[in-house]
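The values are calculated or read from the model by the stated rules, or taken from the named source; none is laboratory data. This is a predicted model, so every value here is computed, not measured. These area figures cover heavy atoms from the full protein model, side chains too; ligands, DNA and RNA do not enter into them. Shrake-Rupley method; radii C 1.70, N 1.55, O 1.52, S 1.80 Å.
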Amino acid sequence: MATTTIDTDTELSAVNSILGSIGQSPITQLKDPNTGVITNANPEIQFIYNLLKDANIDTQIEGWHFNRERHVKFTPDSTTNKIAISDDIVKLDLTDNWHLRTYNFVRRGGYLYDKITHTDEFPDIDTIELDVTKVYPFEDTPQVFRRYITYRASRMAATQLVANPQLVQLLASQEALSRAALMEYECNQGNHSMMGFPDDTMYNTYEPWRNLRR
(Lines give C-alpha, C1' and ligand atoms only; values in the text may rest on other atoms or scores of the structure.)
Protein backbone atom coordinates (compact mmCIF):
# COMPACT_ATOMS: atom_id res chain seq x y z
CA MET A 1 0.00 0.00 0.00
CA ALA A 2 1.45 3.34 -1.07
CA THR A 3 2.00 5.96 1.58
CA THR A 4 0.64 9.46 1.23
CA THR A 5 3.17 12.27 1.48
CA ILE A 6 1.95 15.59 2.85
CA ASP A 7 4.21 18.61 2.46
CA THR A 8 4.06 20.83 5.53
CA ASP A 9 4.36 24.58 5.28
CA THR A 10 7.82 26.11 5.10
CA GLU A 11 8.91 29.74 5.07
CA LEU A 12 9.32 29.50 1.28
CA SER A 13 5.84 28.05 0.73
CA ALA A 14 4.37 30.63 3.12
CA VAL A 15 6.01 33.51 1.25
CA ASN A 16 4.75 32.06 -2.05
CA SER A 17 1.26 31.76 -0.58
CA ILE A 18 1.37 35.42 0.45
CA LEU A 19 2.64 36.40 -3.01
CA GLY A 20 -0.17 34.42 -4.63
CA SER A 21 -2.77 36.11 -2.45
CA ILE A 22 -1.77 39.53 -3.80
CA GLY A 23 -1.41 38.36 -7.42
CA GLN A 24 2.38 38.02 -7.56
CA SER A 25 4.47 35.23 -9.07
CA PRO A 26 6.09 32.63 -6.76
CA ILE A 27 9.82 32.40 -6.11
CA THR A 28 12.00 29.29 -6.19
CA GLN A 29 14.42 30.14 -3.39
CA LEU A 30 14.20 32.35 -0.32
CA LYS A 31 17.30 31.52 1.70
CA ASP A 32 20.70 30.03 1.10
CA PRO A 33 20.36 26.38 2.22
CA ASN A 34 23.81 26.45 3.82
CA THR A 35 23.82 29.80 5.63
CA GLY A 36 20.09 30.42 6.12
CA VAL A 37 20.54 33.99 4.84
CA ILE A 38 17.95 35.48 2.47
CA THR A 39 19.38 35.46 -1.04
CA ASN A 40 16.46 37.06 -2.88
CA ALA A 41 17.39 40.69 -3.57
CA ASN A 42 13.85 41.78 -4.40
CA PRO A 43 12.82 44.36 -1.73
CA GLU A 44 9.19 43.27 -2.00
CA ILE A 45 10.18 39.71 -1.07
CA GLN A 46 12.13 40.99 1.91
CA PHE A 47 9.13 43.09 2.95
CA ILE A 48 6.77 40.11 2.72
CA TYR A 49 9.19 37.91 4.63
CA ASN A 50 9.30 40.56 7.39
CA LEU A 51 5.50 40.51 7.50
CA LEU A 52 5.63 36.73 7.94
CA LYS A 53 8.13 37.08 10.80
CA ASP A 54 6.03 39.77 12.46
CA ALA A 55 2.88 37.66 12.20
CA ASN A 56 4.75 34.70 13.67
CA ILE A 57 6.00 36.72 16.65
CA ASP A 58 2.69 38.51 17.24
CA THR A 59 0.81 35.20 17.23
CA GLN A 60 3.17 33.38 19.58
CA ILE A 61 3.40 36.27 22.06
CA GLU A 62 -0.23 35.58 22.96
CA GLY A 63 0.94 32.36 24.64
CA TRP A 64 -0.31 28.91 23.62
CA HIS A 65 -0.08 25.36 24.85
CA PHE A 66 2.82 24.53 22.53
CA ASN A 67 5.05 27.48 23.48
CA ARG A 68 4.31 27.85 27.20
CA GLU A 69 6.23 25.88 29.78
CA ARG A 70 5.83 25.82 33.55
CA HIS A 71 8.39 25.02 36.25
CA VAL A 72 11.41 25.81 34.07
CA LYS A 73 14.50 25.90 36.29
CA PHE A 74 17.00 28.75 36.08
CA THR A 75 20.29 28.99 37.96
CA PRO A 76 22.26 32.21 38.67
CA ASP A 77 25.72 32.53 37.19
CA SER A 78 28.30 31.60 39.83
CA THR A 79 30.35 34.72 39.10
CA THR A 80 27.82 37.48 38.55
CA ASN A 81 24.84 36.00 40.45
CA LYS A 82 22.69 37.01 37.47
CA ILE A 83 20.17 34.83 35.63
CA ALA A 84 20.41 35.22 31.85
CA ILE A 85 17.12 35.24 29.93
CA SER A 86 17.41 34.38 26.24
CA ASP A 87 15.80 36.53 23.55
CA ASP A 88 13.33 33.80 22.57
CA ILE A 89 11.59 34.11 25.95
CA VAL A 90 8.91 36.78 25.54
CA LYS A 91 6.96 36.24 28.76
CA LEU A 92 8.01 35.02 32.18
CA ASP A 93 6.66 34.86 35.68
CA LEU A 94 7.45 33.12 38.93
CA THR A 95 5.67 29.77 39.13
CA ASP A 96 2.58 30.00 41.39
CA ASN A 97 3.23 33.71 41.84
CA TRP A 98 -0.46 34.45 42.34
CA HIS A 99 -0.25 33.28 45.94
CA LEU A 100 3.48 33.39 46.74
CA ARG A 101 4.10 37.06 45.84
CA THR A 102 7.76 36.63 46.74
CA TYR A 103 9.17 38.30 43.64
CA ASN A 104 7.97 40.44 40.75
CA PHE A 105 10.13 39.40 37.82
CA VAL A 106 10.68 41.04 34.43
CA ARG A 107 13.37 40.68 31.76
CA ARG A 108 15.70 43.65 31.73
CA GLY A 109 18.97 43.97 29.81
CA GLY A 110 18.95 40.27 29.01
CA TYR A 111 18.73 39.25 32.67
CA LEU A 112 16.07 38.45 35.23
CA TYR A 113 15.20 41.55 37.26
CA ASP A 114 13.14 41.73 40.44
CA LYS A 115 11.01 44.88 40.76
CA ILE A 116 10.48 44.34 44.48
CA THR A 117 14.14 44.27 45.52
CA HIS A 118 15.25 46.37 42.50
CA THR A 119 18.10 44.06 41.53
CA ASP A 120 19.18 41.57 38.90
CA GLU A 121 21.61 39.78 41.22
CA PHE A 122 20.46 36.82 43.28
CA PRO A 123 23.32 35.55 45.47
CA ASP A 124 20.93 33.76 47.86
CA ILE A 125 19.14 31.73 45.19
CA ASP A 126 20.40 28.32 44.05
CA THR A 127 17.61 27.55 41.57
CA ILE A 128 14.35 29.25 40.73
CA GLU A 129 11.38 28.01 38.73
CA LEU A 130 9.68 30.23 36.16
CA ASP A 131 6.73 29.92 33.83
CA VAL A 132 7.90 31.05 30.39
CA THR A 133 6.48 31.71 26.93
CA LYS A 134 8.89 31.24 24.04
CA VAL A 135 8.83 32.26 20.38
CA TYR A 136 9.84 29.46 18.02
CA PRO A 137 10.87 29.60 14.34
CA PHE A 138 7.96 29.44 11.90
CA GLU A 139 8.71 25.87 10.83
CA ASP A 140 8.82 24.64 14.44
CA THR A 141 5.22 25.68 15.16
CA PRO A 142 2.25 23.30 14.76
CA GLN A 143 0.83 23.10 11.26
CA VAL A 144 -2.44 24.84 12.19
CA PHE A 145 -0.43 27.79 13.53
CA ARG A 146 1.62 28.00 10.33
CA ARG A 147 -1.56 28.23 8.27
CA TYR A 148 -2.97 30.97 10.49
CA ILE A 149 0.29 32.93 10.50
CA THR A 150 0.43 32.74 6.70
CA TYR A 151 -3.15 33.98 6.31
CA ARG A 152 -2.52 36.73 8.83
CA ALA A 153 0.57 37.88 6.93
CA SER A 154 -1.37 37.67 3.63
CA ARG A 155 -4.01 40.03 4.97
CA MET A 156 -1.28 42.41 6.17
CA ALA A 157 0.43 42.28 2.75
CA ALA A 158 -2.82 43.01 0.92
CA THR A 159 -3.55 45.92 3.27
CA GLN A 160 -0.16 47.54 2.72
CA LEU A 161 0.68 46.62 -0.88
CA VAL A 162 -2.65 46.37 -2.74
CA ALA A 163 -5.34 49.04 -2.91
CA ASN A 164 -8.20 46.53 -2.98
CA PRO A 165 -10.59 46.61 0.01
CA GLN A 166 -12.51 43.58 -1.29
CA LEU A 167 -9.33 41.49 -1.34
CA VAL A 168 -8.44 42.57 2.19
CA GLN A 169 -11.93 41.61 3.37
CA LEU A 170 -11.69 38.21 1.68
CA LEU A 171 -8.30 37.50 3.25
CA ALA A 172 -9.58 38.68 6.64
CA SER A 173 -12.41 36.14 6.38
CA GLN A 174 -9.89 33.42 5.55
CA GLU A 175 -7.78 34.51 8.52
CA ALA A 176 -10.84 34.32 10.81
CA LEU A 177 -11.61 30.77 9.68
CA SER A 178 -8.03 29.67 10.30
CA ARG A 179 -8.16 31.35 13.72
CA ALA A 180 -11.20 29.24 14.58
CA ALA A 181 -9.30 26.07 13.58
CA LEU A 182 -6.36 27.25 15.68
CA MET A 183 -8.58 27.76 18.73
CA GLU A 184 -10.09 24.29 18.35
CA TYR A 185 -6.59 22.82 18.21
CA GLU A 186 -5.56 24.84 21.28
CA CYS A 187 -8.57 23.70 23.32
CA ASN A 188 -8.02 20.05 22.42
CA GLN A 189 -4.29 20.10 23.08
CA GLY A 190 -4.33 22.25 26.21
CA ASN A 191 -7.24 20.52 28.00
CA HIS A 192 -8.16 23.93 29.39
CA SER A 193 -10.79 24.29 32.08
CA MET A 194 -12.67 27.29 33.42
CA MET A 195 -11.97 25.86 36.88
CA GLY A 196 -8.25 26.52 36.50
CA PHE A 197 -7.07 23.18 37.84
CA PRO A 198 -3.28 22.98 38.37
CA ASP A 199 -1.05 20.74 36.27
CA ASP A 200 -0.98 17.02 37.06
CA THR A 201 -4.55 17.12 38.39
CA MET A 202 -7.88 16.06 36.92
CA TYR A 203 -11.58 16.43 37.56
CA ASN A 204 -14.29 14.08 36.35
CA THR A 205 -17.48 15.98 35.61
CA TYR A 206 -20.95 14.59 36.27
CA GLU A 207 -21.97 12.19 33.50
CA PRO A 208 -25.74 11.49 33.43
CA TRP A 209 -25.36 8.36 31.32
CA ARG A 210 -23.76 6.59 34.27
CA ASN A 211 -27.08 6.69 36.14
CA LEU A 212 -28.88 5.20 33.17
CA ARG A 213 -26.30 2.45 32.99
CA ARG A 214 -27.19 1.12 36.47
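The antiparallel fraction among DSSP beta bridges confined to the chain stands at about 100%. Which lysines have a Cα lying under 25 Å from the Cα of K82, excluding residues fewer than 8 positions away in the same chain? Reachable lysines: K73, K91, K115, K134.
From the P(r) of region 1-85, can you give the percent of Cα pairs sitting at distances over 19 Å? Before the final figure, lay out each step's value.
On the way: 2162 of 3570 pairs.
Of all Cα-Cα distances in region 1-85, 61 percent exceed 19 Å.
Close amide H contacts of Y111 (hydrogens built in the peptide plane, cut-off under 5 Å, sequence separation of 5 or more or a different chain): I85. Taking amide H as placed 1.01 Å from N in the peptide plane, K91 has its amide H under 5 Å from the amide H of T133, each at least 5 places away in sequence or on another chain. Against the criterion of solvent-accessible heavy-atom surface with a 1.4 angstrom probe, K31, K53 sort, most first, into K53, K31.
So what is the relative contact order for region 52-161, in percent, with contacts set as C-alpha pairs under 8 Å and at least six apart? Intermediate results must be reported in sequence, preceding the final value.
Numbers: 157 pairs, mean separation 41.7, N = 110.
Normalised by residue count, the contact order of region 52-161 is 38 percent.
Among the protein heavy atoms, those of I22 account for about 20 Å² of accessible surface (1.4 Å probe, every chain in place). Annotation: extensible slack from H65 through A172 equals 36.1 nm (criterion: 0.36 nm per residue apart, minus Cα-Cα distance). Of the residues F74, F138, ranked by 1.4 Å probe accessible area with the largest first, the sequence reads F74, F138. Each part reduced to its alpha carbon centroid, region 42-59 and region 95-137 end up 31 Å apart.
Computed over the chain, relative contact order equals 23 percent, with contacts defined as Cα pairs under 8 Å that lie 6+ residues apart. For K91, the solvent-accessible surface computed with a 1.4 Å probe is close to 90 Å², ligands and nucleic acids excluded. With the whole protein complex present, Y111 retains an accessible surface near 80 Å², based on a 1.4 Å probe. When the chain is treated as a Gaussian network with alpha carbon springs shorter than 10 Å, the biggest mean-square fluctuation among S17, S173, S78 belongs to S78. In order along region 65-80, the Karplus-derived 3J(HN,Hα) couplings, from 6.51 cos²θ - 1.76 cosθ + 1.60 at θ = phi - 60°, round to 4, 6, 10, 10, 9, 10, 6, 7, 8, 10, 10, x, 5, 5, 8, 9 Hz, and Gly and Pro are given as x.
What the Cα convex hull of the chain gives, in volume per residue, is 262 Å³.
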